[in-house]
Ligand SMILES: Nc1nc2c(ncn2[C@@H]2O[C@H](COP(=O)(O)OP(=O)(O)O)[C@@H](O)[C@H]2O)c(=O)[nH]1
Ligand SMILES: [Mg+2]
């Protein structure tokens with residue numbers, strides 16, 4: 001298959017409603033994680049763009065799934081973050097309806113990348129997400145973000161904790177990633193290529 005042209009990337013749709021979600025058969029990879037986990041930074045690293053996705057923008061303002069179209073052959077779907085203490089019950093319900101509806105109904109979703117801060121470890125919200133992914137049999141991988149923040153000993157410990165986590169089944173890839181050093185970028189890219197068969 002022809003190599004993806006990552007320079008040919010654009011934000012196509014900010015979907016606030018399920019009927020705005022693309023459904024034309026182009027494979028989609030969804031990025032899930034709490035606010036501040038490093039989702040925008042990962043998207044920028046993967047697409048070799050400095051600011052395709054806004055890094056640490058005003059959290060929780062708009063609840064949308066942002067679709068980035070790559071070379072007309074792949075969508076990266078940036079799910080709205082979770083874990084905002086300040087989010088109202090109403091906004092929380094909007095989040096659940098959109099995310100649950102998207103992940104349950106999206107026949108073009110080939111993979112979910114679940115981001116977990118390697119230093120912080122899985123939060124309660126991360127665990128709810130992991131449980132959902134396992135129960136719904138969604139193909140997923142864990143991206144352990146901000147790996148540069150840990151020294152070698154702490155890093156090994158933290159990775160072992162993830163590997164032994166009861167909600168992360170054996171065989172689910174756990175990929176350490178750092179937006180600062182670029183570690184993990186190629187691995188995540190080739191994993192996406194393998195799973196989506198593009
Ligand atoms: N040290 C370090 N900081 C990071 C990394 N990735 C993101 N950050 C920082 O974490 C904060 C949140 O990042 P962002 O990508 O906006 O997270 P998002 O809210 O999940 O989209 C920002 O201040 C980033 O600069 C990383 O790999 N290493
Ligand atoms: Mg973001």
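The values are calculated or read from the model by the stated rules, or taken from the named source; none is laboratory data. Only a predicted model underlies this, so the values are computations on that prediction, with no experimental measurement involved. Neighbour counts are summed over all protein chains in view; Cβ atoms, including those assigned to glycine, are modelled from backbone coordinates with ideal geometry.
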In the range 129-151, anything under 16 Å from residue 162 (Cβ atoms) and either in a helix (DSSP H, G or I) or modelled with pLDDT under 95 (or both) is listed as 129, 130, 131, 133, 134, 147, 149
Here are some residues: 104, 88. Which one is more than 15 Å from residue 34 (Cα to Cα), in contact (Cβ under 8 Å) with a residue 12 or more places away in the chain and surrounded by fewer than 22 Cβ atoms within 10 Å (Cβ to Cβ)? 104
If you check 3, 54, 34, which single one turns out to be under 23 Å from residue 141 (Cβ atoms) and within 14 Å of ligand 1 (Cβ to nearest atom)? 34
Which one of 70, 13 is under 20 Å from residue 113 (Cα atoms), more than 13 Å from ligand 1 (Cβ to nearest atom) and in contact with a helix residue (DSSP H, G or I) (Cβ under 7 Å, 6 or more places away or on another chain)? 13
How about the range 152-166: which of its residues are part of a loop (DSSP other than H, G, I, E, B) and crowded, with 16+ Cβ neighbours inside 10 Å? 165
Number of the condition not met by residue 95 [criteria: (1) more than 15 Å from the chain's Cα centre (by Cα); (2) in a helix (DSSP H, G or I); (3) more than 15 Å from ligand 1 (Cβ to nearest atom); (4) farther than 21 Å from residue 182 by Cβ]: (3)
What tally of residues in the range 67-85 results from selecting those that are assigned to a loop (DSSP other than H, G, I, E, B) and under 12 Å from the mean Cα position of the chain (by Cα)? 3
Look at residue 139 and say whether it is more than 16 Å from ligand 1 (Cβ to nearest atom) and closer than 30 Å to residue 17 by Cα. yes
The range 37-51, subset away from ligand 1 (no atom under 11 Å from the Cβ) and surrounded by 14 or more Cβ atoms within 10 Å (Cβ to Cβ), residue farthest from residue 76 (Cα to Cα): 49
Candidate set from the range 81-111 (those that are within 16 Å of ligand 2 (Cβ to nearest atom) and in contact with a strand residue (DSSP E or B) (Cβ under 7 Å, 6 or more places away or on another chain)); member that is nearest to residue 65 (Cα to Cα): 98
Would you check which residues across the range 57-73 are more than 16 Å from residue 20 (Cβ to Cβ) and buried (at least 20 other Cβ atoms within 10 Å of the Cβ) and list them? 70
